Structures are given as structure tokens and as C-alpha cells.
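The values are calculated or read from the model by the stated rules, or taken from the named source; none is laboratory data. This structure is a prediction, so every number in the text was calculated from the model and none was measured. Cβ sites come from the backbone with ideal geometry, for glycine too, and all protein chains shown count toward neighbours.
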Amino acid sequence: MSQLERFYYDNVSTRNFIYATMLWGFVGMLVGFILTLQLIFPSLNFEMAQTSFGRLRPLHTNAVIFAFVGNGIFAGVYYSLQRLVKARMWSDTLSKIHFWGWQLIIVAAAISLPLGYTSGKEYAELEWPIDIAIALIWVIFGINMMMTLFKRRESHLYVAIWFYIATWVTVAMLHIVNSMELPYGWFSSYSVYAGVQDALVQWWYGHNAVAFFLTTPYLGLMYYFVPKAANRPVYSYRLSIIHFWALIFIYIWAGPHHLLYSSLPDWAQTLGTVFSIMLIAPSWGGMINGLLTLRGAWDRVRNDPILKFMVVAITAYGMATFEGPMLSFKNVNAMSHFTDWTIAHVHIGTLGWNGFLTFGVFYWLVPKIFRTKLYSTKLANVHFWIGTMGILFYAIPLYWAGFTQSLMWKQFTPDGFLQYPNFLETVTQILPMYMMRSLGGGIYLIGFIIMIYNIHKTIQSGTLLENEAAEAPSREVAMAKVHEGEHWHSWIEKRPAQMLFWSLVAVGIGGVIEFVPTFMVESNVPKIASVKPYTPLELQGRDIYIREGCYTCHSQMIRPFRSEVERYGEYSKSGEFVYDHPFQWGSKRTGPDLHRIGGKYPDAWHYNHMLDPASMSPGSIMPPYPWLLVDDLDITTTPAKIRAMQKLGVPYPEGYDQKANEDLKKQAEEITQTLKESKIETVSDKEIIALIAYLQRMGTDIKKGK
């Protein structure tokens, strides 16, 4: 009989990440609940820059994705990985650096985003110093994980570990490529990509942030914790192999389905659609594998809240991964894109899949590491039903709102005119649905608070087993052991470095094939001679527009539909965006598209609209921006911005950075004078002047029919 080695699992890191998950989950969900109320009651923006919808919305998404889900991933990985490989994490020091570094990044995000420091790219809004910190902490996590695998006492790498490895290498690739930006200040930068190319990179990242941060690591947790909670083996080992490799290879291609009917080349849109539809097979393979793992345990599911949470989580995963491919059909996307339908779809995944699986894992995990029983099974059941009701009250009204928006936007009269030419009519029609959505979000938040209380009482009743003793044969004995009837896939299941390499190859192929033609073939992004760089004042105004998060509610992409051309003007061309760092096509229309807003209204209209939107658009739910009328425009940054743009290929004249502010002041005086003619007294150095300049420029480089 082989000599057993005694060692100790680290439960401290798991506990720390559990605490952080609950803290940031509450913060992220509370901010989300506030945002739902702001869409109903604009006064709740409090006429403050730091609490306005445009600045809080990226705070909500980052807090839920990277703080709540991120810490939940790490809690589950630190617990499961050690037990799957029968080894303590390689370095306690790296575990601590990972934990505290990640929390500091979250704090930096929570401070910087409300202050207006943003790169303007969805799910990647954090500025370059924080991006660097994310990369460093992610590398530390990866080193700790891989070194733990190299010193393991179990030769076989269980399927959950495959997903952890693929998650780590893919997220690193996504983050580094999408975060390529040129700084022009300590907390300011421009994306190195522009227009169509930036859109392709961003949604390659954005879609796969969902795939490889919100999905693959949670599938790893599913493969570990569902069998543990059910006390049953995974249904099918072969299916897990197919699920893993098919999923990571296909997922990476699907990003362009976020850009259907946009200015992205049609071949790229088609690739996104085809691979999105193919995703149904591996996604549902994983769902089936998870649900059938519970075969024979359905009697327990009725009474065990942990299993109930897991069943609904896996079901929500199946629903979301069926609906996503359906939304990538062009005829369906023509209806759904820019509407609240997409918001409902996303929240089925986040609230159902990520939220409920996290809750189930924590209800199972906390009593284990604190050596006690769950404080109240009854409260856990209450949480389950409240949370389920919250999801239904949240998602169903948004589906209803999305269908309503799409139908109203496209409706024509028998005489051929738009039935609802005023966009605001479509907004006021769905306010009751927004109220129901807010109710659902509040119910879900109450359920989360119940969980926090239940977990807190459970922890109070027990004592953390900081270093959990375990025994296993030595690494040499474990690695030399030959298992009978090993599968052909076993060759890579014993080699973590090869698993990492081939995972990178699998996910890298799709990105390379989509990027190379778009970046290397000039005809894919044709130039338009009349499109010129922004003036210095317009550039400053564009940066203010991005800082205030206007892209969260307004698109700048008119699709080639009769309804959109009638409503907004000539459809958008790819060559119009060649100087846009970053692109601003948007993904949701809470307000109308703004790509052809330039020249549509006088300067005074824009001034009054930013001061009091309802005064110009009665019934508007847009918040006011009074600080723009009093805050001075910082023109000391103009030379640095011009130089950065020149480095990115924007054709400003040589030495223009030294003369740019002269042109800026001249254009600002012209706008100030037109405002004075409308009896609006202001001075030319206010931020509102720059924003007006940008709004009046938008979409004016080409004339209709040209």
C-alpha cells in the first residue's frame, strides 16, 4: 500500500471570496435597482453628475459581472480546484494578492466610473491604469492555478478544470486585445481601433466576456458542485468532452451577431449568425449533462433548496443559450436589436444562471467550510421562491416592452407615413413595463438580502476550518498510476500545459479569421472623401458625450430599414466612422438614434434640452445635465488629445496640436453667439458649448443620397 501524504486545503481564500461576492452582489444589485427607478422617475438622478444614469449604468454592469460573478467564480474555483487535484493552492501569498488586488480593482472601478473616467466601451469601460491592474491580477491568479495543477496529487484533470483553464487563457486574450488603448493622460485614453474595426473587436470581447466570464467558469462550477450537492456522478463523461471543445471553439466566432444590419461587412455578420446557431448544440449538451446528473434525485429536488436553485440555474442557462442563437437570425434581430428584449434576455442569464447557481453553491459550501448546518432551510426555500418571482417579474415585462418598441418603431399608416414619428411615444407606452421590471428587481434584491442573513447566521453558528486536513498518495505515485479503460481524451487530461495551449488555439482561430480581413483588407472599410476629422471643440464634446454615458441610451447606427431611414435619415456607412476612437454605435435605444442629429435642431434647443429635457420633449425620462452649463471646459488637454489622434492615424496637420485651441475658441464663440441670438446668455468656455458642437456635427459629413 502506498504511503499517504498529509496536507491542508486553504479555506481562508474561499471564505474571503464568499464574503466579497455577497458584499459586491448587494452593491451591484442595489445600483441596478436604483437605475430601474431612474428610468421611471428621472428626478432620482438628483441632477448630479456622479448619480446620473449614464454614469451609474456601467457601474452596475461592472459590479455585477466582475465583482459579484467574478468573486463567486474565485470562491468556487479555490474550493473545488484544491480538492480535484488533491493539493493546496501553490502559494498562499499569491492567493492573498489575488484577493486583495481584485477588491482594490473593484473599488477603483466604483470610484472612477461615477467620476466619469471611462473608455466608453461596454463591459470594458475601465481606464488604462485599471486595465493594467486587471491583467496583472489575472496573471497572478493564472500562475497560482497552473502551478497548483503542476504539483497535483491526482493525474486526471476533471472536466471542471478544463473550463477553468479555458476561462483563464481566453479572458486574458480578450482583455488584452480589446484594451489596446493610447493614453493621453493619467486616467484618459483612446481606443487604438476606430469605427468598424473597433466595433468588431469590442463585440468579439463583449460577447465572449459573457461566454468566458459568465458561462465557462460557471459550467466548471456546475460540473463540480451539482454532482456534489446531488451526491451523484456526472451523467456523461463523453458528453462533457464534446461540450467543452465544441463550446470554446464555436463561441468565439459569434460576436458579430451583436452587429447585424450595421456597417460591419456582411460576411462577418453572416459568420456571427452561422456560429451562433451552431452554439445551440454544445450549450444544450451542457444543460442536458447538468440536468441528467440529477436523475434519480428528483425527490430530493422537491425538498432541497440547494438543488432547486441549481435546477433553475441550469434551466435558465438552457433558455438563454437557446434564445441567443434565435436572436442572431437576421429577421429576429431586426425586431429585437436596440430594444428591451435584449435586456430581458441578458437578465435571464445573469439572474437565473449566474445568480441562482451562486446561491446554490454558497448554501452548500458555507456549512462545509464552517463545520455547521445551514441556519435555516426554510429561509433558503423562501429565497428560492422570492428569487424566482423576481426573475419572472423582471424579464416578462421587458419582453413585452421589447415587442412593443419594435412594433411601434416599424409601424406605418396606410398612407405610408410612420404611425409613431415621435420616438417619445414609444417610451411613454412602455413605462408600465418599466415599473413592473423595477418591482421584479426589488423582489430579487429582497431575496438576496434574505440569503445574506441566512449565510451570516450560519457562519455565526460555526467556526471556519481554515486549514482542512487531507491525505492522498504522493504526486509520483499518482502520476505513475495507470487507469484501466482510459479514454482517448486522457492524453490531454493529464497535461495542463497542453490543455491550456490547445484551448488557446481553439479560441484563437475564430478571432484571427474575423480580424485579419477586417484589418488588412482596406476595401472592407471604404473611405469617404467628405468625412473629415473632428474639430478640436467637437473632439472635446465627443469626450464629454462618452464621459456622461450617453451611449448607454442612444445609438449612432441607422440600419438600412425603411422605418429607420424615415425616422432618422440616411442609413449609416462604414466610412463615416474611420476617425471614431472609440466607436459609438450603442446597443440600446432608450432614446432615439443620434447619428443624423447634426443640424436637425438649433443650438438653443440642445442647450435647453440638456438643462431640462422635459421642456423640449414633454414626458421625457432623460435626466437633466445642469453641470454641463456651469463646468468649465478643460482645454489644457486639447494638445495631448490631438497628438494622440495623430498617432492613431487621424490626419490632423503637423504641429496642429499647438494651434488647436485657437480653432476651438473660435468655434466656441460662434456657438455662443448663436445662443445669444436665442436670448441664452452664456460664455464660450463651458462644457455645454463643446457638447453642442459635437451634436451638431454628428452625421453631417455626407448628404442624403450621396
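So that you can scan it fast, the table gives a plain yes or no per residue for (1) under 29 Å from I430 (Cβ atoms); (2) surrounded by 18 or more Cβ atoms within 10 Å (Cβ to Cβ):
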position	(1), (2)
L537	no, yes
D543	no, yes
E564	yes, yes
H581	no, yes
K588	yes, yes
G599	no, no
M610	yes, yes
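If you go through the range 62-89 and keep only what is surrounded by fewer than 22 Cβ atoms within 10 Å (Cβ to Cβ) and farther than 30 Å from L157 by Cβ, you end up with nothing. Can you tell me which of (1) under 18 Å from the mean Cα position of the chain (by Cα); (2) of a type in the set (A, V, I, L, M, F, W, C); (3) under 30 Å from F561 (Cβ atoms) is the one M319 doesn't meet? Among (1) under 18 Å from the mean Cα position of the chain (by Cα); (2) of a type in the set (A, V, I, L, M, F, W, C); (3) under 30 Å from F561 (Cβ atoms), M319 violates only (1).
Of the residues making up the range 321-342, those that are farther than 22 Å from M287 by Cα and either aliphatic (A, V, I, L, M) or not assigned by TED's automatic domain parsing to the domain that holds S276 (or both) are V332, A334, M335.
For the range 312-337, a residue qualifies if it is hydrophobic (A, V, I, L, M, F, W, C) and surrounded by fewer than 21 Cβ atoms within 10 Å (Cβ to Cβ), and the qualifying residues are M319, F322, M326, L327, F329, V332, A334, M335. Kindly check whether there is at least one residue in the range 292-302 that is part of a helix (DSSP H, G or I) and crowded, with 22+ Cβ neighbours inside 10 Å. No - not one qualifying residue is present in the range 292-302. You will find that of E566, E570, E548, the residue that is outside the structural domain of Y164 (by TED's automatic domain parsing), modelled with pLDDT of 95 or more and in contact with a strand residue (DSSP E or B) (Cβ under 6 Å, 6 or more places away or on another chain) is E566 and no other. Screening A172 with (1) of a type in the set (A, V, I, L, M); (2) without any contact (Cβ under 8 Å) to a residue 60 or more places away in the chain; (3) closer than 22 Å to G586 by Cβ gives one miss only, at (3). In the range 41-52, which residues are in contact (Cβ under 8 Å) with a residue 40 or more places away in the chain and either under 14 Å from T118 (Cα atoms) or of a type in the set (S, T, Y) (or both)? If the condition is that a residue be in contact (Cβ under 8 Å) with a residue 40 or more places away in the chain and either under 14 Å from T118 (Cα atoms) or of a type in the set (S, T, Y) (or both), then A49, Q50, T51, S52 are the ones that fit. Restricting attention to the range 495-531 and to residues that are surrounded by fewer than 14 Cβ atoms within 10 Å (Cβ to Cβ) and under 23 Å from the mean Cα position of the chain (by Cα), the residue that is modelled with the lowest pLDDT turns out to be V512. Can you confirm whether the range 244-259 contains a residue that is of a type in the set (A, V, I, L, M) and over 16 Å from G206 (Cα atoms)? Yes, the range 244-259 contains at least one residue that is of a type in the set (A, V, I, L, M) and over 16 Å from G206 (Cα atoms). Taking each residue of the range 364-386 that is touching a residue at least 12 places away in the same chain (Cβ under 8 Å) and at positive phi and looking for partners that are of a type in the set (S, T, N, Q) and outside any helix (DSSP H, G or I) with beta-carbon atoms closer than 8 Å, six or more apart or interchain, yields R371/T463. Tallying residues that are over 10 Å from G185 (Cβ atoms) and either buried (at least 17 other Cβ atoms within 10 Å of the Cβ) or small (G, A, S) (or both) within the range 632-642 yields 5. Looking across the range 510-558, not a single residue is of a type in the set (K, R), over 30 Å from F187 (Cα atoms) and assigned to a helix (DSSP H, G or I). Residues that are more than 21 Å from L81 (Cα to Cα) number at least 3 in the following helices (runs of 4 or more DSSP H) confined to the range 414-495: 423-429, 431-460. Filtering Y184, Y190, Y164 for residues that are farther than 30 Å from Y235 by Cβ, surrounded by 21 or more Cβ atoms within 10 Å (Cβ to Cβ) and among the aromatic types (F, W, Y) leaves a single hit, Y190. Listed by first and then second residue, the pairs with beta-carbon distance under 6 Å, at least 6 apart or on different chains, first residue in the range 175-189 and assigned to a helix (DSSP H, G or I), second surrounded by 14 or more Cβ atoms within 10 Å (Cβ to Cβ), are N178/A124; N178/V201; N178/Y205. Take the conditions outside the structural domain of G591 (by TED's automatic domain parsing) and closer than 28 Å to P282 by Cα and apply them to H347. Does it pass? Here the answer is yes, as H347 does meet what is asked.
When the range 408-429 is filtered for residues that are closer than 27 Å to L37 by Cβ and free of Cβ contacts under 8 Å to residues at least 40 places away in the same chain, the ones remaining, listed by number, are M408, Y420, N422, E425, T426, Q429. Within the range 322-336, being within 22 Å of the chain's Cα centre (by Cα) and either among the polar types (S, T, N, Q) or not in a helix (DSSP H, G or I) (or both) holds for S328, F329, N333, S336. Just one of (1) under 18 Å from Y19 (Cα atoms); (2) in contact with a Phe, Trp or Tyr (Cβ under 7 Å, 6 or more places away or on another chain) fails for T61. It is (1). Taking the criterion of being farther than 24 Å from D580 by Cα and among the hydroxyl-bearing types (S, T, Y), the residues of the range 626-680 that qualify are T672, T674, S678.
Inspection of the range 30-38 finds no residue satisfying the criterion of being touching a residue at least 40 places away in the same chain (Cβ under 8 Å) and either of a type in the set (D, E) or not assigned by TED's automatic domain parsing to the domain that holds F393 (or both).
Scanning the range 668-693 for residues that are crowded, with 20+ Cβ neighbours inside 10 Å and over 16 Å from M610 (Cα atoms) yields a count of 1.
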